[in-house]
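In what follows, a single structure is set out as structure tokens and then discussed.
Just so it is clear, none of the values below were taken in a lab; they were calculated from the coordinates. Bear in mind the structure is a predicted one, so any value in this text is a computation, not a measurement. Backbone-built Cβ (ideal geometry, glycine too); neighbour counts: all protein chains shown.
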Amino acid sequence: MIRLYMSMSLDGYIAGPDDRPGQELGRGGGRLFDWLDERHGAGPSGRVYREACSTGALISGRRTFELAGRWGGDHHDGVPINVLTRHADPADALPGSARYFTDVVACAEESRAAAGDRGVMVHGAGAAQALLAAGELDELEIDLVPVLLGGGRRLFGESDPVELRLVRRLEDRDVTHLRYEVVR
């Protein structure tokens, strides 16, 4: 199971305007992650967080990987980090278990194999869009935050229509956790 995990504003942004090193979430984008204050609790946000951290591999877009400081080579529990990119520099020494992939299907296959019976987490708009277009994204876990950022980085842009089926909805303080299955 390959599942996107992303926090998003009501107007569809995953980062505010001017996201860059030193301001990784853009102006106002930090608000999208206030729900993580409840990540260690017994409520819905804690449940979603524990599920995300139980995944056995991570697929990230290159931009997300770089803005996150490459997670110091360990996103969670030492799971493999597979980074989708258009260009892989063989001279780039990646931290920990991180590897570059330029082929979306190969990245998905390697991630599934590495995760074993656990799921694969996806981070980043570029990775999500590429996996969805290749038919490799199974579910989307959207942490919908009641804020309008008014600009920034969108999760999805122009694409062919994709049907989704709501399979779970969890309400918590200042967030609605929505899980959708990609209908094939």
Seminar exercise, completed: The simple spin-label model distance between E181 and T102, using points 7 Å out along Cα→Cβ, in nm, is 3.7 nm
Exercise. Based on Cβ point charges of +1 for Lys and Arg and -1 for Asp and Glu, what charge dipole magnitude is obtained for the chain about its Cα centre, in debye rounded to the nearest 20?
Worked result: 100 debye
Exercise. In the set [x] 0.94; [y] 1.18; [z] 1.16, which value of Rg/Rh (Cα atoms, Kirkwood Rh) was calculated from the structure you see?
Worked result: [x]
For this session: If a/c stays under 1.5 just call it rounded; otherwise compare a/b with b/c (prolate if a/b is bigger, oblate if not). Do that for the range 2-110, with a ≥ b ≥ c from the square roots of the Cα gyration tensor eigenvalues.
Result: oblate
For this session: Quickly estimate the mean residue ellipticity at 222 nm for the chain, helices only: each DSSP H run with n ≥ 4 gives -39500 (n - 2.57), and the total goes over all residues, rounded to 500.
Result: -5500 deg cm²/dmol
Seminar exercise, completed: Going residue by residue through the range 40-51, the Karplus relation 6.51 cos²θ - 1.76 cosθ + 1.60 with θ = phi - 60° gives ³J(HN,Hα) values, rounded to whole Hz and with x marking Gly or Pro, of 9, x, 8, x, x, 5, x, 4, 4, 4, 5, 4
Seminar exercise, completed: HN-Hα couplings for the range 69-81 via Karplus (6.51, -1.76, 1.60; θ = phi - 60°), in whole Hz with x for Gly/Pro, come out as x, 6, 6, x, x, 9, 6, 6, 6, x, 5, x, 10
